[in-house]
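This report refers to the structure that appears directly beneath it.
The values are calculated or read from the model by the stated rules, or taken from the named source; none is laboratory data. All values reported here derive from a predicted model rather than from experimental measurement. Every residue, glycine as well, gets a Cβ built from its backbone with ideal geometry; the counts of neighbours run over all protein chains shown.
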Amino acid sequence: MLKFANINSVAFLLCDIQEKFRPAIYDFNSVVRVADRMVKAASILKRPLIVTEQYPKGLGSTVKEIDIKSAKLFSKTKFSMLTDDVKKEIANINDICLFGIEGKNVFLLADGISSRYKEEKYLALSVTERLKATLAITTCRGPSNFKRMPFIPIVKGFGPSKL
């Protein structure tokens, strides 16, 4: 079963889709097409659209193919989209639709997530790994392709009753 964002409470976050990144990002044109559709969806649904631009003075603005006139636009110099201003904007938002170019490394704790059905969890892990997110675990068990988090020795031996 697929889960969909609640259209009454979702915010759309467009991250750093700037012209200077075009030659460096794999399948950039596809990212632009999807972003354009999501921006239009935000407008139709009358939902917040938050856009960040990484150092626009040097890297330019959001690509011209995407109309961001209705967006709350934030310039930034750090790599993460989650600036203090963006955090304030999404503080009361439960569902986020994120698209664009995010510079942070994302670690998905495979042993710390689940779903309603076993098959969904493993499908999500498989898709996530193919998308180049880093699968991680907090224990010493698990497949060899999962990254061991450096804090394992700190939490080793701590079960729910000890935390």
Return the residue satisfying two criteria in turn: it lies in region 8-22 and is at pLDDT below 90 and of a type outside the set (A, V, I, L, M, F, W, C), and of such residues it is surrounded by the fewest Cβ atoms within 10 Å (Cβ to Cβ). Asn8
Quick check on this structure: which one of Ser30, Ser75 is of a type in the set (Ser, Thr, Tyr) and in a strand (DSSP E or B)? Ser75
Residue within region 67-78 that is surrounded by fewer than 13 Cβ atoms within 10 Å (Cβ to Cβ) and touching a residue at least 40 places away in the same chain (Cβ under 8 Å) present: no
